[in-house]
Amino acid sequence: MTLFEKIIARQIPADVVFEDDQVLAFRDINPQAPTHVLVVPKKAIPRIGEAGTDDQALLGHLLLRAAEVARRLGLDRTGFRLVINNGSDGGESVPHLHVHVLGGRALAWPPG
Ligand code: 5GP
């Protein structure tokens with residue numbers, strides 16, 4: 001079971017900001033911006049590179065929910081960034097697909 005599956009199963013506590021039947025959104029334990037939320041599909045897809053065509057609807061839902069979470073947290077007024085890290089060079093540390101929602105400050109580009 002991945003760390004995020006344990007959070008979804010409420011075996012590990014998290015500061016949940018949104019949930020529906022397909023996704024859970026909770027605050028990152030080590031925030032990189034004033035608002036930093038992870039939006040996670042309840043289906044345990046390890047990473048975006050391993051998602052399949054069967055996951056197309058779920059992936060669309062995940063992105064729409066990430067934007068909705070940003071809106072609910074007031075980030076749509078100032079802007080926000082969605083990030084998906086894939087593999088070691090991408091900076092992935094938890095092998096369960098998740099979208100980072102970052103906002104509340106101006107974010108640098110390109111990323112480090
Ligand atoms: P990745 O590096 O895989 O893209 O993102 C994983 C994220 O999960 C990191 O930003 C990290 O801070 C966060 N994280 C790791 N462990 C926990 C935890 O136990 N609870 C929460 N809420 N976030 C976690």
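Every number in this text was worked out from the coordinates using simple rules, so none of it is lab data. This one's a predicted model, so the numbers in the text were calculated from it and none came from an experiment. Quick reminder, even Gly has a Cβ in these numbers, built from the backbone with ideal geometry, and neighbours come from all protein chains shown.
Quick look at the numbers
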quantity	calculated
Cut-off 14 Å between beta-carbons: net charge of the residues surrounding residue 55, Lys and Arg +1, Asp and Glu -1	+1
Spin-label model distance (nm) - residue 71 vs residue 105, 7 Å beyond Cα toward Cβ	2.7
Residue-span extension gain [residue 32 to residue 20] - 0.36 nm each, minus C-alpha spacing	1.8 nm
Kirkwood estimate for the chain, i.e. one over the average of 1/r between Cα atoms, Å	14.3
The chain: angle of helix 56-72 to the longest principal axis, Cα-based, in degrees nearest 10	30
Built amide H within the under 5 Å cut-off of residue 17, gap 5+	25, 26, 27
Neighbourhood net charge (15 Å Cβ-Cβ; Lys/Arg +1, Asp/Glu -1) for residue 77	+2
